[in-house]
Amino acid sequence: MKRKRIAYCPDYAILFDSVEVAVFLSQFEYWTGKQKDIDGWIYKGQEEIYKETGLKETKQKVVRKLLKENNILFEKRKIVFEKRELRNLLHYKFDFEHLEHLLEHPENVKTRYENQISNTQKKNDTEKQTCNLHTSEEQPNTESFEIFWKIYDKNIGKSATQIQWDKMSEENQNKAITHAREFAKNTEKQFRPNPLKYLSEQKYLDEIIITNQKQRSALTTKQDEYTSSQFVGIKNVSPSN
């Protein structure tokens, strides 16, 4: 079976301490002069580069970044009519004259492959940690909130209450659930503060005072009778002598 073969310049590998860079440069040097673009721009998709060089996408990115930092590679996007459709494709252009200058003056190389790999790995780790942090912040514990909401059983301002819930630590959320269970059991709904106020004022840290519900109901009835009386607000005036 006939296999694909590419030209390879070991000088490039020595210059940048990388066979990957040498393979990438050697292949594009082969294509330089054969491109259709009169200004020297070459289009190669990442999959096509992989098939020609064996370099996977992640290594291609590292090599390209290294070459750009050393002013050898330039990139731009360009609209191309391909396969009966317009596509915005990445094009490459190489300054092989500057590459020859670096071969003669290797001390002018800004970045070599191992350093680039190390820097890229650190950046990826930082981005991964940031992504995990954002993911953690953007995914509130809706399960625990729904437990609290069901226990507290006063359906007022659910969205605002959940925002407040998401700001709380897991420890305080657990305290609120435990407290709300007893608080709701021993306090009629009409006497419970709205759930947002209950959380924002940390009432889940307060002592639960258990009162006789029948006495409270009777007291409420008497208060209602008093406030509805036609004589409320009339002062007693003692008869004049």
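The values are calculated or read from the model by the stated rules, or taken from the named source; none is laboratory data. Since the model is a prediction, treat every value here as computed from it, not as a measurement. Cβ coordinates were reconstructed from backbone atoms using ideal geometry, including for glycine residues, and neighbour counts include every protein chain displayed. Surface areas here come from the heavy atoms of the whole protein model, side chains and all, with no ligands, DNA or RNA. Shrake-Rupley method; radii C 1.70, N 1.55, O 1.52, S 1.80 Å.
Of note:
- If R0 equals 22 Å, the separation of the Cβ atoms of Thr58 and Lys110 corresponds to a calculated FRET efficiency of about 0.55.
- Average accessible surface area per residue within the stretch 159-202, 1.4 Å rolling probe, Å²: 58 Å²
- In terms of distances greater than 27 angstrom between alpha carbons, the cross-link table entries Lys2/Lys68; Lys2/Lys61; Lys4/Lys110; Lys4/Lys44; Lys76/Lys110; Lys51/Lys110 yield Lys2/Lys68; Lys2/Lys61; Lys4/Lys110; Lys51/Lys110.
- Placing +1 on each Lys and Arg Cβ and -1 on each Asp and Glu Cβ, with no other charges, gives the stretch 9-68 a dipole about its Cα centre of roughly 200 debye.
- Gyration tensor verdict on the stretch 33-82 (Cα atoms; rounded if a/c is under 1.5, prolate if a/b is larger than b/c, oblate otherwise): oblate
- Amide H to amide H, with H built 1.01 Å from N, Tyr92 comes under 5 Å of Ile42, Tyr43, Lys44, counting only residues 5 or more places away or on other chains.
- Gain in span if fully extended, Glu48 to Asn172, counting 0.36 nm per residue against the direct Cα distance: 39.1 nm
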